[in-house]
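Working notes, structure below.
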C-alpha cells in the first residue's frame, strides 16, 4: 500500500489545528482555576497564570460538600444511564425480533419523544413528581428519564446490522428470545451500547435544567447546580472558583471516557476485522 | 419473525410506559394548556380557544424564529455533521498513526458542561480584551460585537455548541468508520480512486446508518443545546436575534409566565418535528444500507 | 460489557448507600427538635455575591432564636429564577416563607402571587409593631415596596443605585483628571470621546441586563417616564422627546465608536482588564470590581442632565412573606425584623454593596458608620439615596413580555438600526397593545 507522505503531512496539520481549537479554551479553564481574582481578566494571549495559586480549590474543598455533590451526580447519572441502556435494548430487540401490527407506527411514536424539548414537558412533569412526593430527591430527577427514544432508535439500528443467519440459527435451536438476546445479539452490539452509554452518562452528568427544578436543598445538588452558585448576574461572578468547580466537574466524565476508550479499542480488536 | 405479541409487549413495556407517562402525557397536557391563558400559579385558567394560536401565527416574530431555527440548523449541520464525518474518515482511513490521540483530544470538550463552555468563549471572544481580539488587532481588524449582531450571534452560538458536540459525533462516526472492511478500501486504493470518490462510493453507504443517526441528533439535540448558551449569554437577544423554536417555548413559559402561549409554541414545534420525522422515514431511511 | 455493567451497578449501590446515609443523617438532625418552627428563606445570593452573608445572618438568627429554625435556599438566575421556582412551588402547594423579590417584579408579584400582607400580620399577630414601618423607613423608600394600587406587599431590603465607575489610570492616560469625573451627560460624552481619541481605549459602557433599570435612570433623569397613567390606565410613557433625547445620548456614543454595545459580562471583563474608561452600573458590583481590577476603582454619582433632577430607580429586592399558617407568619415576621435590624443591615451592606433601606444605619456606630467613612465609592452611592424612585414594572399578565419589548428596543437603538425617537415610538405602540 503506497503511503503518500505529502498528503499525510497536510492532514496532520489540519487535525492539529482542530485539536488546538478544541483544547485552547480548556487551557483557559484550567489556568483560570489557578489564578487570583485580579489576574483573571488580563488582556493577553498567554493563558498561563503568572503566580499559580490553589486558593480556589482550597475554597471549594473547605466550603462545599464536594464528595456529597460528586456522589449525587454519580448516582443520578449512573442510574439514568443504566436504566436507559436496559430499556432501550429490550425495546430495540422487540422491534427487530418480533412482528406485530402497527410496528412502524409504534416505533415512530417512541422515536418522536426524543424530539420533544425539555421545556415542553418540564412543567407537567414537575407537578407530577411533586404529587409523588419525590421533590428534592435524586429519584425525582431519575424517574422521568428511565427511557430514551434515541436509545431505542440506536439499538434497533445496530441490531438490524446483525446477519439474519445468526438469528435463524438461534431460533432453529429453539432458544428462548431472552437467550438469543443475551447470548447472540448483545455481544455483537457491545461497541454501540458502550458508545450510547457514554453519551447518556455524560449528558446526565452535565444536565442542568431539570435537576435545577427538582433539587432544592443544597445537600442534594449535583455538580452543575453547584457551579451556578458562583455565577451571579447581580454582584459579579467569582471566575476563579467557578473554574475550579468546572474542572472538578469535568474530570470524572473525562476519566470515564479515557478508560472506556481503551475498552472500545480492545473490543474492536477482539471481534476482529470484518471480512 | 415471531407473532408472540405478549412476549414482545413484555420487552416493550418498560420503555413504552416511561415514554408515554413522561413524554406524551405532558404533551397532551400542553395541548390542553394551549387553549387557555394561565400563568402557572393562579387557580383560574381562562379558556381562550384558538386565540393563542392565532396570535402566534400572525405575530411578526414567528418569521424571525423560523429563520433563526433554519440558520441554526445549517450551522450545526456543517460543524457537527459534515465536519466530523470528513475528519473521522481521515483519521480512520487516511492516517496511519496518532488516531487514538486525535480522537481523545478532540473528544475532551464534550465532557465539559455547556454552561462552562459559554462562559469560556465569552471571555475568549471578548471584543475589547479577549485573546481573539488580540489576534485580530494584530492584523488590523476590529473585533465585531459577536453577541449583538443578528446573524453573527447565531453563527457564534452554533460554533460554541459545535465546539462541544464535535467530539461526540466524531467518535460515533469513527466507530462506524472502523467497521468498514479494510479490503474494500485497499482494493479501491489500488485502483487509484481519489479520496473523494472513496468517501462517496464506499464510506458513505457503509456508514450510512450511523451517519443518519448522527445527522438526526445534530439537528434535534443541537436546537435543544441552544437553550443553555442563549439563556446565559443573550436571553434571546439581540432583539430576538438568537431565539429559536425551542428557546421561545422556554421564554414564554418561564420568563413571561404565559403558559398558554408557550404551549401553543410547543405544539407548533412538535408539528414541525413530526414533519421532519416523516421526511426522514420516507426519504432518508430508504437510502440507508443495512446488512439485515 | 458484563464487567462494565457490574462496575456501574456496584458504583450505583455504593453511591446510593452513601447518599442514603447522608440523607439519613441530615433528617435525624432536623427531627431532633420537633418544637421548632421551621421557615424557609429564599434568596438569590450566590457564593460570590452575598451568599456567605446570608449564611452568617441565618446562623446568627437561629442561635438567638432557638424556637425558630430558618433554612435558606439559593435560587440561581436571580429574580427571574427565583420567581420561576416560586411559581412552580406554589403550583404544587409548597410555598416558602420569606422571599427576596426583585423590585422589577413588584407589580407582577402583587397581582399574581398569593403573599401574606405584612401590615395585616402586624395588626393581627404583632400589634406592638404597629408603628414599625413609619418609624424606621423614609416614605420614598417604603414606597419601593408598594404596588401601583397602594398595597404594601413587602418591606424594602436591598437597595442599589446606579453609579459611574471609572478607571483613573485611563483618565490620566487621556489627560483627564481622575479627581474631576464627569458630572453631566454632556461631559460624559466629551470624556468618552477624549479617552477614545487620546488612548484608543473604549470610553463608556452602560449596563445591558435583562431589564431596563439603568436606561430608566437615564430617561427619567431627563424628565422622561417609562410608565404613564392616562385615563386611569397605565400605558407606555417613553415615547416623548425627553426620553428619546436621553436615549440618543447613549446611542450617539455608540455610533461614534466611543461607547460600547455588548453583553454585560464582556463589558465588565473588558473594564476590569483596563479596556474601558467608564462603566455605569449598580453599586452592587462595587466589591467584585474592587477585588478583580488591577487598578483602583473609583466611582462618582450617576451623571445628571443639565438643569434637571436626577431620578434613580432602586434596584435590589424587597422581603415578602408567603406563609399561610399563623405560627409560621409570626416566625417569618420575626426573621424579617431581624434582617432589617441595624446590625444585620450593616453586615448585609458590607457583604453585598447594597444600601440599607432603613433610617440611621449609616450614622450608627453599630451599623455602617466606620465602613462608610472608609469606602469612598460607598459614600457616592449613599449620597444618592434621596433621589431614589420606584423601578418601573409593567402591570398585567403581559407585563413581563412588555419589559422584554423594551429590552429589545435597546438593542435596536444601540445597533443603530433606528433612531431613538422612532424605535421608542414603535415600542410604545407594541407595549400598549400588550398592557
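Output the residues belonging to the range B:133-152 that are within 27 Å of residue B:67 (Cβ to Cβ), in a helix (DSSP H, G or I) and facing chain C (nearest Cβ under 10 Å).
The answer is B:146, B:147, B:148, B:150.
If you go through the range B:5-23 one residue at a time, do you hit one that is in contact with a helix residue (DSSP H, G or I) (Cβ under 6 Å, 6 or more places away or on another chain), within 13 Å of chain A (Cβ to nearest Cβ), in contact (Cβ under 8 Å) with a residue 24 or more places away in the chain and within 29 Å of residue B:252 (Cβ to Cβ)?
no
Of (1) out of contact with any strand residue (DSSP E or B) (no Cβ under 9 Å at 6 or more places or on another chain); (2) within 14 Å of chain C (Cβ to nearest Cβ), residue B:261 satisfies all except one. Which?
Of (1) out of contact with any strand residue (DSSP E or B) (no Cβ under 9 Å at 6 or more places or on another chain); (2) within 14 Å of chain C (Cβ to nearest Cβ), only one is false for residue B:261: (1).
Out of B:32, B:38, B:6, I need the residue that is at pLDDT below 85 and under 14 Å from residue B:264 (Cβ atoms). Which one?
B:38
State the number of residues belonging to the range C:287-302 that are over 20 Å from the mean Cα position of the chain (by Cα) and modelled with pLDDT of 90 or more.
Selection size over the range C:287-302: 4.
Got a number for residues in the range B:46-69 being touching a residue at least 24 places away in the same chain (Cβ under 8 Å) and buried (at least 16 other Cβ atoms within 10 Å of the Cβ)? Give the steps one after another, and end with the answer.
Of the residues in the range B:46-69, the ones touching a residue at least 24 places away in the same chain (Cβ under 8 Å) are B:48, B:52-53, B:55-56, B:61, B:64-66, B:68-69.
Subset that is buried (at least 16 other Cβ atoms within 10 Å of the Cβ): B:48, B:52-53, B:56, B:64-65, B:68-69.
Summing the residues that are touching a residue at least 24 places away in the same chain (Cβ under 8 Å) and buried (at least 16 other Cβ atoms within 10 Å of the Cβ) in the range B:46-69 gives 8.
Got a sec? Which helices (runs of 4 or more DSSP H) wholly within the range C:102-141 have at least 2 residues that are buried (at least 19 other Cβ atoms within 10 Å of the Cβ) and either touching a strand residue (DSSP E or B) at 6+ places or on another chain (Cβ under 8 Å) or in the same structural domain as residue C:78 (by TED's automatic domain parsing) (or both)? Steps first, please.
Values: elements: C:106-112, C:118-125, C:132-136.
By residue number, C:106-112, C:118-125.
Do we have residue B:257 as touching a residue at least 24 places away in the same chain (Cβ under 8 Å) and within 25 Å of residue C:86 (Cβ to Cβ) here?
Details: touching a residue at least 24 places away in the same chain (Cβ under 8 Å): yes; within 25 Å of residue C:86 (Cβ to Cβ): yes.
Considered against the rule, which asks whether it is touching a residue at least 24 places away in the same chain (Cβ under 8 Å) and within 25 Å of residue C:86 (Cβ to Cβ), residue B:257 comes out as yes.
I need every pair where a residue in the range C:51-69 that is without any contact (Cβ under 8 Å) to a residue 12 or more places away in the chain has its Cβ under 7 Å from the Cβ of a residue that is surrounded by fewer than 19 Cβ atoms within 10 Å (Cβ to Cβ) and outside any helix (DSSP H, G or I), sequence separation at least 6 or different chains.
C:62/C:69
Can you find, within the range B:116-132, the residue that is surrounded by the fewest Cβ atoms within 10 Å (Cβ to Cβ) among those that are more than 9 Å from chain C (Cβ to nearest Cβ) and more than 15 Å from residue B:157 (Cα to Cα)?
Going through the range B:116-132, the residues more than 9 Å from chain C (Cβ to nearest Cβ) turn out to be B:116-118, B:120-121, B:124, B:131-132.
Checking the rest, the ones that are also more than 15 Å from residue B:157 (Cα to Cα) come to B:131-132.
Numbers: B:131: 19, B:132: 16.
This residue is B:132.
Can you tell me which residues in the range C:249-300 are under 19 Å from residue C:177 (Cα atoms), at the interface with another protein chain (Cβ under 9 Å from one of its Cβ atoms) and in a strand (DSSP E or B)?
C:276 - this is the single residue of the range C:249-300 that is under 19 Å from residue C:177 (Cα atoms), at the interface with another protein chain (Cβ under 9 Å from one of its Cβ atoms) and in a strand (DSSP E or B).
Need a quick list: helices (runs of 4 or more DSSP H) entirely within the range C:301-379 having at least 1 residues that are free of Cβ contacts under 8 Å to residues at least 40 places away in the same chain and surrounded by fewer than 21 Cβ atoms within 10 Å (Cβ to Cβ).
Details: elements: C:326-339, C:342-352, C:369-374.
Result: C:342-352, C:369-374.
Per-residue answers, yes or no, for (1) farther than 21 Å from residue B:117 by Cα; (2) within 11 Å of chain B (Cβ to nearest Cβ); (3) in contact (Cβ under 8 Å) with a residue 12 or more places away in the chain:
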| residue | (1), (2), (3) |
| --- | --- |
| A:20 | no, yes, no |
| A:23 | no, yes, no |
| A:39 | no, no, yes |
| A:51 | yes, no, yes |
| A:66 | yes, no, yes |
| A:81 | yes, no, yes |
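Out of the residues in the range C:81-101 meeting the condition of being within 9 Å of chain A (Cβ to nearest Cβ) and touching a residue at least 24 places away in the same chain (Cβ under 8 Å), tell me which one is surrounded by the most Cβ atoms within 10 Å (Cβ to Cβ).
Residues of the range C:81-101 that are within 9 Å of chain A (Cβ to nearest Cβ), as a first pass: C:81, C:84-85, C:88-89, C:91-94.
Next, from what is left, pick out any that are touching a residue at least 24 places away in the same chain (Cβ under 8 Å): C:81, C:85.
Values: C:81: 17, C:85: 20.
Going through the qualifying residues, I end up with C:85.
Out of the residues in the range A:190-201 that are surrounded by fewer than 24 Cβ atoms within 10 Å (Cβ to Cβ) and modelled with pLDDT of 85 or more, which is nearest to residue A:73 (Cα to Cα)?
Among those that are surrounded by fewer than 24 Cβ atoms within 10 Å (Cβ to Cβ) and modelled with pLDDT of 85 or more, it is A:200.
Of the conditions (1) within 15 Å of the chain's Cα centre (by Cα); (2) in a helix (DSSP H, G or I), residue B:243 clears all except one; give me its number.
In the conditions (1) within 15 Å of the chain's Cα centre (by Cα); (2) in a helix (DSSP H, G or I), residue B:243 misses (2) alone.
In the range B:70-83, which residues are in contact with a helix residue (DSSP H, G or I) (Cβ under 9 Å, 6 or more places away or on another chain) and either surrounded by fewer than 16 Cβ atoms within 10 Å (Cβ to Cβ) or under 16 Å from residue B:220 (Cβ atoms) (or both)? Show your work before the answer.
We begin by selecting, within the range B:70-83, every residue in contact with a helix residue (DSSP H, G or I) (Cβ under 9 Å, 6 or more places away or on another chain); these are B:71-81, B:83.
Hits for the range B:70-83 are B:72, B:73, B:74, B:75, B:76, B:77, B:78, B:79, B:80, B:81.
Only one of (1) more than 14 Å from chain C (Cβ to nearest Cβ); (2) without any contact (Cβ under 8 Å) to a residue 60 or more places away in the chain; (3) closer than 30 Å to residue B:120 by Cβ fails for residue B:225. Which number is that?
(2)
Residues to consider are A:48, A:30; find the one that is modelled with pLDDT under 80, surrounded by fewer than 21 Cβ atoms within 10 Å (Cβ to Cβ) and at negative phi. If you could, list the steps in order and put the result at the bottom.
Details: A:30 fails: modelled with pLDDT under 80.
Going through A:48, A:30 in turn, the sole match is A:48.
Has the range A:137-146 got at least one residue that is at the interface with chain B (Cβ under 9 Å from one of its Cβ atoms), modelled with pLDDT of 85 or more and not in a helix (DSSP H, G or I)?
Looking for residues that are at the interface with chain B (Cβ under 9 Å from one of its Cβ atoms), modelled with pLDDT of 85 or more and not in a helix (DSSP H, G or I), one finds at least one in the range A:137-146, hence yes.
Touching a helix residue (DSSP H, G or I) at 6+ places or on another chain (Cβ under 9 Å), within 14 Å of chain A (Cβ to nearest Cβ) and either within 30 Å of residue B:36 (Cα to Cα) or surrounded by 15 or more Cβ atoms within 10 Å (Cβ to Cβ) (or both): is that true of residue B:106 in this structure? Lay out the reasoning, then the answer.
Details: touching a helix residue (DSSP H, G or I) at 6+ places or on another chain (Cβ under 9 Å): yes; within 14 Å of chain A (Cβ to nearest Cβ): yes; either within 30 Å of residue B:36 (Cα to Cα) or surrounded by 15 or more Cβ atoms within 10 Å (Cβ to Cβ) (or both): yes.
Yes, satisfied.
Just checking, which of C:426, C:404 is within 14 Å of chain B (Cβ to nearest Cβ), assigned to a helix (DSSP H, G or I), touching a helix residue (DSSP H, G or I) at 6+ places or on another chain (Cβ under 9 Å) and surrounded by fewer than 21 Cβ atoms within 10 Å (Cβ to Cβ)?
Working: C:404 fails: surrounded by fewer than 21 Cβ atoms within 10 Å (Cβ to Cβ).
Matching residue, one of C:426, C:404: C:426.
The values are calculated or read from the model by the stated rules, or taken from the named source; none is laboratory data. Being a predicted model, the structure only gives us computed values, none of them experimental. Note that we place each Cβ from the backbone using ideal geometry, even for glycine, and neighbour counts take in every protein chain shown.
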